[in-house]
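Report on the following structure.
The values are calculated or read from the model by the stated rules, or taken from the named source; none is laboratory data. Here the structure is a predicted model, which means the values were calculated and not measured. Here the Cβ positions follow ideal geometry from the backbone for every residue, glycine too, while neighbour counts run over all protein chains shown. Each accessible area value is taken on the protein alone, full model and side chains, heavy atoms only, with ligands, DNA and RNA left out. Shrake-Rupley method; radii C 1.70, N 1.55, O 1.52, S 1.80 Å.
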Amino acid sequence: MGAVPPGRFRLVSALRPRDHFPLFCDVRGKRALVVGGGAIAARRCATLCRFSFSVEVVAPQVCPSLEALAQQGLLTIARRPFAPPDVTGAFLVVAATDRREVNRQVGQLARRQGAFVSVADCAQECTFFFPALVEQGDLTIGVTGNGKDHKAVARCAQKIREMLKE
């Protein structure tokens, strides 16, 4: 290994430590559980279905967007309320119901089992944040703002898309 250029680590040490590491990992066949059947759950599922997850939705009722994804064979739906055993074996869990107490319970159970967790109504309970995605060919770029300033994240992702078109 060659010598480290002078000053390189001073720059790194001057940065504020981040709590969330951007991780691109192999998700082929890994189980992604989404609890909830509304618009937020549908957006999360649309993102997850762009990857090789095995996506499962648990909700008594689901919106038309989720129905369409299921009809395309991109996910499965269990039409019933959430039950604690649902999180067993999940790699990634999304709690996106309209009930705070259910979202909290889903997040707690999933964290105990070591799953990555996104709780739609409480950033502090998340172990990961959904990024804005920019995709072109084999290139995938994820943009996040640590669960804050979603508009700035969307603007940044749009600028990256425009740059890639050039």
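What to note about this one:
- Net length available on complete extension from Arg100 to Phe24 is 24.4 nm, with 0.36 nm assigned per residue and the Cα-Cα distance removed.
- Scanning residues 5 or more positions from Val119 or on other chains, those with amide H under 5 Å from its amide H are Ala95, Cys126, Thr127, with H placed 1.01 Å from N in the peptide plane.
- Per-residue Karplus couplings for the stretch 149-158, computed as 6.51 cos²θ - 1.76 cosθ + 1.60 with θ equal to phi - 60°, are listed in order as 6, 4, 5, 5, 4, 4, 4, 4, 4, 5 Hz, Gly and Pro entered as x.
- Once the Cα atoms are used to define both axes, helix 100-112 deviates from the longest principal axis of the chain by about 60 degrees.
- Computed P(r) (all Cα pairs; the stretch 104-152; 10 Å bins; percent): 24, 41, 27, 7
- Normalised by 2.2 N^0.38 Å, with N the number of residues, the alpha-carbon radius of gyration of the stretch 62-152 equals 1.21.
- Accessible surface for the chain, divided over its residues, is 65 Å² per residue with a 1.4 Å probe.
- Compared with the direct C-alpha span, the chain from Arg50 to Arg155 gains 35.7 nm at full extension, assuming 0.36 nm per residue.
- Sulfur and carbon atoms: percent of accessible area, the chain [1.4 Å]: 55
- Spin-label pair Cys122/Arg43, simplified geometry with 7 Å Cα→Cβ offset, distance in nm: 2.0
- Long-range Cα-Cα pairs in the chain (distance over 27 Å), rounded percent: 32
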